[in-house]
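Here's the structure, in C-alpha cells; my notes come after.
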Amino acid sequence: MINRRKSLFQSLLGSLLLPGLIVMVVSVFIVLHVFMDEYDELLDASLTGKAHLLRDIIETSQRTTGSIGTGAGNLLDYESDLRKPNERALLWYVGVNGEVMARSMTVGTFALPVPLLPGLSTTRGHRVIVLPSDQPGMGSVVVAEPMIERSEAITDVIIGVVVGLALLGLLFALASFWAVRRSVAMIAELSRNIAEKNEHNLSPIDRDNTFAEITPAIDTLDGLMSRLDRALHAERAFATNAAHELRTPVAICLAQAQRLRAKINDPVQTGNLVEIETGLKRLERLIERLLQLSRAQSGLGLNASVTDLNPVITILMNELRNQCPDTDKLVLKFPTGRCLSRVDPDALGIILTNIFDNALKHACGTAPTIVDASRPGDVLVSNDCAPLSTTDFEAMKQRFIRRDTVSDGYGLGLSIVQDLCNQSGCQFEIYGPRPDNPRGFAAVVRLPKVEIIKA
Amino acid sequence: MRILLIEDEAALARPLIEHLEADQNIVEWFDTLDEADAALRTLDYDVVLLDLKLPDGDGLIFLSSLRSRMLRTPIIILTARDKVSDRIDGLNRGADDYVIKPFDLDEVKARVHTVCRRSANQIAQTVQLRDLVINLSDHSVIRAGQPVRLTAKEWGVFETLLRRKSQIVPKESLEASIYAYGEEIESNALEAHISRLRTKLGKDLIVTHRGMGYALTK
C-alpha cells in the first residue's frame, strides 16, 4: 500500500479556501433572502398605497356623483406613458355582491382571482391586493401588478451579488494561494536547509527563512547538531590522535628491538628479540584494526562531494605489490582513467586493505592472487585456496556479524568491510569457490553511482 | 649517501640512524622543522626522511614549502598517519614515498635506496659502468669480474658521482656526502679518496675539472 504524504501547501490552501468559499456562498443566500423579503415588503407597501389611493378616489367620486362613473377604469391610464404594456397594473372595482363595477383597460382577459379574499396574494404572475371599503355598502378595490418587474429586479440583484462575491472569492483565492505559497516556500527552504545537513555539514541552520513560532525548535535542533558535530569531531580526532599515540611507541619498540637484534650474536637472545618483534607486529595489526573499527563506527562512508577513487585503488595496489613483489604469485590489473564517486577514500582504503590482506593471508596453491580493478567501479580480488565447504562459507558470512571480542582474525576485518560497505553504499560480494573455478575464493567490491572518465 | 632525518622522537630516531649509518650512509638528525630547514638551505642531501607531526609545525606544510622552492631532493614521509587520504595528500604535495609507523628498519633502508635510484633515473639496483658492475643495494663493486673493496668514505664519494652521472659535482658537495654536519674535514682528504678510487676503479674513471669539481667520464 502506498503511503501518500499530505502536502502542506494543499492542506493549508484547502483549509483556508474551502471554508472561505462556503461562507461566501452562504452569505449570497442570506443576502438574497433578506433582499427579497425587504424588496417584496417595499413593493407590497407601494401596491397597498396605490390601492388605498384608488379606493379613496373611487369612493369620493361615488359620494359626490352617486356613482363610480365610467372614469374609474381609466385611473391607471397614466402608466401607459411610464411602463411597458406587460408591466402595467390592473384595476377592478367590485361591488358588495362581487360584481365587477369598473375595470381598467389593461385587464384584458385576466380573470379576477377566486375567491376574492381581502389582502395580498400572488396569482398567475401577478401580485394582487383586494382592499374592501371601510364604508358600509361600498365595494372593494382590486389592484394587480405583474411580477415581471419584481422578478427582473431580484434577478439583477442576484446577478450583482453573485458576480461581486465571485470576484471577491477569486481575489480571496488568489490572496490565499499567494500567502500559502509564500509561507510554504519559507518552510520548504528551511526543510531543504535542514535536509542538506549530514555528518560533514552540521553548521547552524540558516535563520533567514524561519518563523518566530518554530525558532525554539530550530534552536534545539542547532544545539543537537552542534553536540553531534563536536562528538563526531572528537571521534575522528580520537582516531587520528590514537593513530599517533599508539603507533609511535610500537614503532620505537620495534626499531629498538631490530637494532638490538642486529648487534647481538647470541642465538637465544636473538630468538627472544624475534619473538618480541612478532608480538609487536601483532600489536601493530591489532591497533590498525581498532583504528579502522573506530573510523567505521564514526560513520565513515560517504562524502559530501565526489573524488577520484582510482588513485586510492592504485596506491593500495602498489603497496600490495611491495608486500608481494613476485609476479608469479600476484597479478595486478590497474584501473585507468578517473572514477568519480562520493565514497570516502579512507573508507574505500580500509575496505580494500582488509580484502587484500585476507587474500594474501589465505592464498595457497599454484594459481596467483589476482586484483582486477580494470573494470570501472569494480575491484575483484581472488586467491587460490582449497574449496570451501558450504558450511564453512556460510560460517564465514556469519562472521561478518561482529563478535563480542576483538581479535586479529578474519572476522573482524570482514565485519569492518561489511559495515563500511553498508555506510558507503558499496556492494560487497564473496564467492567460494571462485566463479568458473572449482577452487579458491573471490571478493568483489562494487562502487555505487560512479562517474567514469576514460583515460 | 647523506640523509636528513626530521623526527621528534629521539627513541625512534636513534635506532633508525644507527641502522642507516650501518649501511654506510651519513645521517643528520633534527627534531624541529626550523633546524632542518636551515640544514637544507646549507647542504645538499640525497634523501630526506620527514615525520609529519613535529613540535614546531606540520610536516606536510613544510614539504609543500620545500617543493615550492624547487628542492628536488627525494623526500620520504615517516608517519603514524595511516589514512589513504593522508598518503595521497603527502604524495600529491611532492613526497616520493610514504612509510607508516611502525616500520621495519630494513624496509626504510630499502625505500631510501629505491627513491634515490628513482631520483637518479636508475631503475635497476645494479649499474654497469665501463668494466665496473656496481650494486647500489649492497654497495659492492666488481671490476673485470673481480670484487673491489671500497671504504665507507670512498663509497660515499663514488656513489655521489654515480648518482649525478655526467654532471660535474663540486668539491663541497662531495665533502658533504662523506662528512657529517660539524665534523672536521681534513685538508686534501677528498683528493686522497679520489686518488684511491682512481687506483681501484680505473685511472681515467674520474675527471678533474679545475676550479669546478669532479665528474665520472662519459
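Under 27 Å between alpha carbons, and skipping anything fewer than 8 positions from A:LYS6 in its own chain: which lysines qualify?
A:LYS197
Based on Cβ point charges of +1 for Lys and Arg and -1 for Asp and Glu, what charge dipole magnitude is obtained for segment A:215-282 about its Cα centre, in debye rounded to the nearest 20?
That gives a dipole near 380 debye.
Per residue of the protein assembly as shown, what 222 nm ellipticity follows from adding -39500 (n - 2.57) for every DSSP H run with n ≥ 4, rounded to the nearest 500? Walk me through the numbers before you get to the answer.
On the way: 17 runs with 336 residues, N = 673.
Calculated mean residue ellipticity at 222 nm is -17000 deg cm²/dmol.
With both bridge residues required to lie in the protein assembly as shown, what share of the DSSP beta bridges run antiparallel, to the nearest 5%?
Just about 75 percent of them are antiparallel.
Is the C-alpha gyration tensor of segment A:8-156 telling us rounded, prolate or oblate? Criteria: a/c under 1.5 is rounded; beyond that, a/b larger than b/c is prolate, otherwise oblate.
In terms of gyration-tensor shape, prolate.
By the scheme Lys and Arg +1, Asp and Glu -1, what is the net charge of all other residues having a beta-carbon under 13 Å from that of B:ARG41?
Numbers: positive: B:ARG69; negative: B:ASP34, B:GLU35, B:ASP37, B:ASP44.
Here the charged neighbours net out to -3.
Output wanted: per-residue J couplings in Hz (rounded whole) for segment A:139-154, from phi through Karplus 6.51 cos²θ - 1.76 cosθ + 1.60, θ = phi - 60°, x for Gly and Pro.
These are the phi-based 3J(HN,Hα) values: x, 10, 9, 10, 10, 10, 10, x, 7, 4, 5, 4, 5, 4, 4, 5 Hz.
Restricting to segment B:2-119, what percent of DSSP beta bridges are antiparallel, rounded to 5?
10
Describe numerically, in nm with one decimal, the distance between label points set 7 Å from Cα along Cα→Cβ at A:ASP134 and at A:ASN265.
Result for the modelled spin labels: 15.7 nm.
In segment A:80-124, which trypsin sites (Lys or Arg not before Pro) fall in coil by DSSP and have 14 or fewer other Cβ atoms within 10 Å?
In loop regions of segment A:80-124 (DSSP not H, G, I, E or B), the sparsely surrounded trypsin sites (Lys or Arg not before Pro) are A:ARG124.
Would you mind ranking B:TYR98, A:TYR93, A:TYR431 by Cβ crowding within 10 Å, fewest neighbours first? Working shown, then result.
Numbers: B:TYR98 22, A:TYR93 25, A:TYR431 17.
So the residues, fewest neighbours to most, are A:TYR431, B:TYR98, A:TYR93.
Please order B:ILE61, A:ILE57, B:ILE75 by the number of other Cβ within 10 Å, starting at the fewest.
B:ILE61, A:ILE57, B:ILE75
Summarise the partner chain shielding of A:238-247 as one whole number: the mean count of Cβ atoms from other chains within 10 Å of each residue's Cβ.
The shielding value for this peptide is 4.
Among B:THR73, A:GLY49, A:THR353, which residue has its Cα positioned farthest towards the positive end of the charge dipole of the protein assembly as shown, with +1 placed on the Cβ of Lys and Arg, -1 on the Cβ of Asp and Glu, and the dipole taken about the Cα centre?
B:THR73
Quick one: 3J(HN,Hα) in Hz for segment A:31-46, Karplus 6.51/-1.76/1.60 with θ = phi - 60°, rounded, Gly and Pro as x.
Along segment A:31-46, the couplings run 4, 5, 4, 5, 4, 4, 4, 5, 5, 4, 4, 5, 5, 5, 5, 5 Hz.
Report the residues of segment A:77-108 in range of a label on A:SER151: point 7 Å along Cα→C-beta, backbone N strictly under 15 Å from it.
A:86-88
Every cysteine in chain A with no other Cys Cβ under 4.7 Å from its Cβ, please list them in numeric order.
When partners are defined as cysteine Cβ atoms under 4.7 Å apart, chain A leaves A:CYS253, A:CYS324, A:CYS339, A:CYS364, A:CYS385 without one.
Toward the positive end of the charge dipole of the protein assembly as shown, about the Cα centre and with charges on Cβ (Lys, Arg +1; Asp, Glu -1), which of A:THR278, B:ALA11, A:MET101 goes farthest?
Of A:THR278, B:ALA11, A:MET101, it is A:THR278.
Ranked by Cβ crowding within 10 angstrom, fewest neighbours first, how are A:PHE29, A:PHE35, A:PHE356 ordered?
Details: A:PHE29 10, A:PHE35 15, A:PHE356 23.
Sorted ascending by nearby Cβ count, the order is A:PHE29, A:PHE35, A:PHE356.
Magnitude of the Cβ-charge dipole of chain B, K/R +1 and D/E -1, about the Cα centre, nearest 20 debye? List each step's numbers first, then the result.
Working: 30 positive and 35 negative charges, 291 e Å.
Computed about the Cα centre, the dipole is about 1400 debye.
Using only the Cα atoms of segment A:198-299, build the gyration tensor, take square roots of its eigenvalues as a ≥ b ≥ c, and label the shape rounded, prolate or oblate: rounded if a/c is under 1.5, else prolate if a/b is larger than b/c, else oblate.
On the way: a/c = 7.36, a/b = 5.25, b/c = 1.40.
Note, shape of segment A:198-299 comes out prolate.
Quote the charge dipole size of segment B:151-216 about the Cα centre in Debye, to the nearest 20; the model charges only the Cβ of Lys and Arg (+1) and of Asp and Glu (-1).
I would put it at about 400 debye.
Mind computing the radius of gyration and Dmax over the alpha-carbon atoms of the protein assembly as shown? Å is fine for both.
Taking only Cα atoms of the protein assembly as shown, I get Rg and Dmax of 52.5, 176 Å.
Mind jotting down a quarter of the surface of the convex hull over the alpha carbons of chain B, in square nanometres, one decimal?
Across all orientations, chain B yields a mean hull projection of 12.1 nm².
Cα gyration tensor of segment A:302-453, axes a ≥ b ≥ c as square roots of the eigenvalues: rounded (a/c below 1.5), prolate (a/b > b/c) or oblate?
oblate
Compare the Cα positions of A:ILE315, A:PRO325, A:GLY432 along the charge dipole of segment A:302-453 (+1 at Cβ of Lys, Arg; -1 at Cβ of Asp, Glu; about the Cα centre) and return the one farthest towards the positive end.
A:GLY432
Under a plain spin-label model, where a point goes 7 Å from the Cα along Cα-to-Cβ, how far apart in nm are B:THR199 and A:ASP81?
Those two pseudo-labels are separated by 15.8 nm.
FYI, it's all coordinate maths here, none of it is from the lab. What you see is a predicted model; the values in this text were computed from it and never measured. Counting neighbours? That spans all protein chains shown, and the Cβs are built from the backbone with ideal geometry, glycine included.
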